[in-house]
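Below you'll find the structure, written out as structure tokens, and then a few comments.
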Amino acid sequence: MDTDPRLPQNQTPLNQTSLDRHPLIQTPLHRRTLLLGAAAVGSAAALGLAPPARAAVPGFPTFTRLGAALDKSSLAYNPTNELIFPSVRYVAGRVQNPLGAWYMYYAPHDAPGGICLAYADSLDGPWHEYSGNPVISRNWSPHYSVSHVSSPHALWNDADGKLYLFFHGENTTTRVATSTDGRTFTYEGTVMTTAMLPSDVTETSYARVFPHPTQAGIHIMLFMGNQAGTRKIFIGWSHSLTSGWQAKPQPLISPAAGEGGQLSGAHYWSRNGGGHVVYHSGSGAIHVADVGTSFDRENHLGVLYTEPVATRAAAPSFAEENGRLHMFYEAGQRGNTNIAIARAD
């Protein structure tokens, strides 16, 4: 799986680690209301600490909210006053001429959307907006012209020295582009569409991609499918990051009692022996399910995190620095979200 709580560090031809972190660090630890926390970009101290949101799942960490990653009022590109679906990757020594040690991709959701980039030298910040945003827009001639593009997910591939960026637009289509510098991209095509699933699935979006935990050379894709009005987590797989994707027709995870009837924003969690998926629900919390490393079961374990300030937490992405696990996520109600940072205790 890719750069986030990814899988065990089995060796694959793509040489993908199980968690995005500084490569020299070796540790065993492995859409919307205005964010009311500190809005200014800055360090954890400047952002201020919120009370930790206690995890209800035994064996999983608890996270303390540090604050907002970006000040929305200062952004040059902010067409809808909403920031969603962060994807954080360590890029120093990887991409050409990096602006900072870490890149974070994010996007507005509503039209026109647009895939955006921020950068920092530390996960705690300060985070800086890239001056050329959006790096991918809703019009990319001659490849597509859509109402919006959103939900970026980045994966670094050591085998070819490229960053792979997955994103949706429209909601029926997940696409991928590649880059050697993380700022300029080459379009690679469509990787998942509703045509690859039963006819009652009307959306295939919010995808994240990770190396398979036990099968070398295979990647999996966790994505949201809207099946007859209920959003569920589906799974796809491929031997290539840019082509040959297939999807299991049945959902991997469906809403359980207490999960608000809708699911999205799934992320593979390689810790605790692997085989877990972290996702957000219509209840506004981030949950955990045990699906096994063969993705053949569905055991809902409970709530991992509840946003203590902005009422809703969604679309988690994970990275590690100096032995500390960070979670970046969208905070707030749809339409007015911002990117927040929490850190494992």
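3J(HN,Hα) along the stretch 253-258, derived from phi through the Karplus expression 6.51 cos²θ - 1.76 cosθ + 1.60 where θ = phi - 60°, amounts to 9, 10, x, 9, 4, x Hz, with x in place of Gly and Pro.
Measuring spread by the Cα atoms of the stretch 172-242 yields a radius of gyration and Dmax of 13.2, 40 Å. Per-residue extension of 0.36 nm, minus the Cα-Cα distance of Arg297 and Tyr187, leaves a gain of 36.1 nm for this segment. Computed with a 1.4 Å probe on the full set of protein chains, the accessible area for Lys232 sits at about 40 Å². Over the stretch 95-242, the pair-distance histogram of Cα-Cα distances with 5 Å bins from zero comes to 2, 9, 18, 21, 20, 16, 9, 4, 1, 0 percent, rounded to whole numbers. Ignoring lysines fewer than eight residues from Lys232 along the same chain, the ones with Cα atoms less than 29 angstrom from its Cα are Lys248. Less than 5 angstrom separates the built amide H of Thr173 from those of Thr204, all sequence-distant by 5 or more or on a different chain.
Normalised Debye scattering of the stretch 242-322 at q = 0.16, 0.19, 0.25, 0.27 Å⁻¹ gives log10 I(q)/I(0) of -0.64, -0.87, -1.27, -1.37, counting only Cα atoms as equal scatterers and leaving out solvent.
Calculated FRET efficiency, Leu75 to Gln250, Cβ-Cβ distance, R0 = 41 Å: about 0.50 to the nearest 0.05.
Classify the stretch 201-345: rounded, prolate or oblate, from the alpha-carbon gyration tensor (a ≥ b ≥ c, eigenvalue square roots; a/c under 1.5 rounded; otherwise prolate if a/b is larger than b/c)?
Numbers: a/c = 1.61, a/b = 1.21, b/c = 1.33.
Oblate.
For the peptides 168-177, 293-302, 310-319, 75-84, residues were scored by their other Cβ atoms within 10 Å and the scores averaged per peptide; the highest-first order is 310-319, 168-177, 75-84, 293-302.
For Glu321, the residues whose modelled amide H falls within less than 5 Å of its own, excluding neighbours fewer than 5 places apart on the same chain, are His326.
Tell me, what is the FRET efficiency for Trp140 and Asn97 to the nearest 0.05, using R0 = 30 angstrom and their Cβ-Cβ distance as r? So the FRET efficiency works out to roughly 0.85.
The values are calculated or read from the model by the stated rules, or taken from the named source; none is laboratory data. It should be emphasised that the depicted structure is a prediction, and the values quoted were computed from it without experimental measurement. With ideal geometry, Cβ positions are generated from the backbone for all residues, glycine too; neighbour counts draw on all protein chains shown. Areas reflect the complete protein model, heavy atoms only, side chains present, ligands, DNA and RNA absent. Shrake-Rupley method; radii C 1.70, N 1.55, O 1.52, S 1.80 Å.
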